[in-house]
Amino acid sequence: MTSPVTGHRVLVVDDEPALARALAINLRAHGWEVVTAADGRSALDAADTTHPDVVVLDLGLPDMDGAEVISGLRGWTTVPIVVLSARQHGEDKVEALDLGADDYVTKPFAMNELMARLRAAVRRSQEAAPTESVVVVGELSIDLARKRVARRGDDVRLTPTEWAFLELLTRNLGRLVPREQVLREVWGPAYEHETHYLRVYAAQLRRKLEDDPSAPRHLVTTAGLGYTLEP
């Protein structure tokens, strides 16, 4: 017997109330926390506010095509997406996977198969995460698991937003993170063009983390492009 899943949240997106309800009942019985959405816009909003571990997505939604939802999600999150659709044409599957879906299950389906695919999607997502929970950057020690940062051994107090900004850069250590990506992942899709947020919070982080905030060694700006946390 498969052991229940605990601690994982799934977003179920389907406009058929009976199916959505049946999925929610079965998933909760297996230990999942379930959030539901009946259309594409609600799905995007729910993903932004609830941060699910995996999304189950029907392609035939009343307000937009499921492919648009995949594109919308992939614009700012890597959450695993398992498509659950009655569309059995090969081109629909190829399009969904090309847009960034992780798996594709056709209706009708076996519940135990869907459960197995959800577990596999979450497992792959977790395996892709950084294996080191503590990242050392110069005199900074950034603990991703405990959400703490220390400078020369002393804890540095960060606001939740400052931490989210630093965490994103740390997970992309040494790589340029575009401004739009920072805004989407830290503040949400609606803030993609609010670049003044970045200037304010980058300055605050430098004051807390850099010896000389006016000439930063680690939190580096590439004008007009984005930010890099240099090791």
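The values are calculated or read from the model by the stated rules, or taken from the named source; none is laboratory data. Note that this is a predicted model, so its numbers are computed, not measured. All Cβ positions, even for glycine, are placed from backbone atoms using ideal geometry, and neighbour counts span all protein chains on display. In case anyone asks, the SASA skips ligands and DNA or RNA and just uses the protein heavy atoms, side chains included. Shrake-Rupley method; radii C 1.70, N 1.55, O 1.52, S 1.80 Å.
Here are a few things to note about the model shown:
- The stretch 150-176 versus the stretch 183-231: alpha-carbon centroid distance in Å: 11
- Looking at the chain, the accessible area is 52 square angstrom per residue; that uses a 1.4 Å probe and ignores ligands, DNA and RNA.
- Within the stretch 179-206, backbone nitrogen closer than 18 Å to the virtual label 7 Å beyond the Cα of ASP45 toward Cβ: 188-192
- Measuring only protein heavy atoms, the 1.4 Å probe finds SER214 accessible over about 100 Å².
- Rounded to the nearest 10 square angstrom, LYS93 shows an accessible area of 90 square angstrom against a 1.4 Å probe.
- Nearest-0.05 FRET efficiency for ALA86 and ALA223, computed from C-beta distance (R0 30 Å): 0.05
- Accessible surface ranking that places the most exposed of TRP32, TRP187 first, with a 1.4 angstrom probe: TRP187, TRP32
- Between the stretch 101-116 and the stretch 28-47, the Cα center-to-center distance that results, in Å: 16
- In this view, the solvent-accessible surface of ARG199, computed with a 1.4 Å probe and all protein chains in place, comes to about 150 Å².
- Remark: accessible surface ordering of MET115, MET64 (largest first) is MET64, MET115, probe radius 1.4 Å.
- In summary, the aspartates and glutamates within cross-link reach of LYS93, defined as a Cα separation below 13 angstrom excluding same-chain residues under 8 places away, comprise ASP58, ASP102, ASP103.
- Shape of the stretch 120-231, Cα gyration tensor, a/c cut at 1.5: oblate
- Relative to the dominant Cα principal axis of the chain, helix 17-29 is inclined by about 60°.
- Estimated from helical segments only, the mean residue ellipticity of the chain at 222 nm is -12000 deg cm²/dmol, where each DSSP H run of four or more residues counts as -39500 (n - 2.57).
- Computed on protein heavy atoms with a 1.4 Å probe, the accessible areas place THR159, THR49, THR228 in the order THR49, THR159, THR228, largest first.
- Positive-end residue, the chain charge dipole about Cα centroid, Cβ charges, pick of HIS51, ALA202, HIS30: ALA202
- Take the Cβ atoms of THR159 and LYS107, set R0 to 45 Å, and the FRET efficiency comes out at 0.50.
- Hypothetical label at ASP98: residues of the stretch 45-83 whose amide nitrogen lies under 18 Å (7 Å Cα-Cβ projection): 59, 65-75, 83
- Apolar share of the accessible surface for the chain: 49 percent from carbon plus sulfur atoms, 1.4 Å probe.
- Unit charges on C-beta of K, R, D, E only; dipole of the chain, Debye: 800
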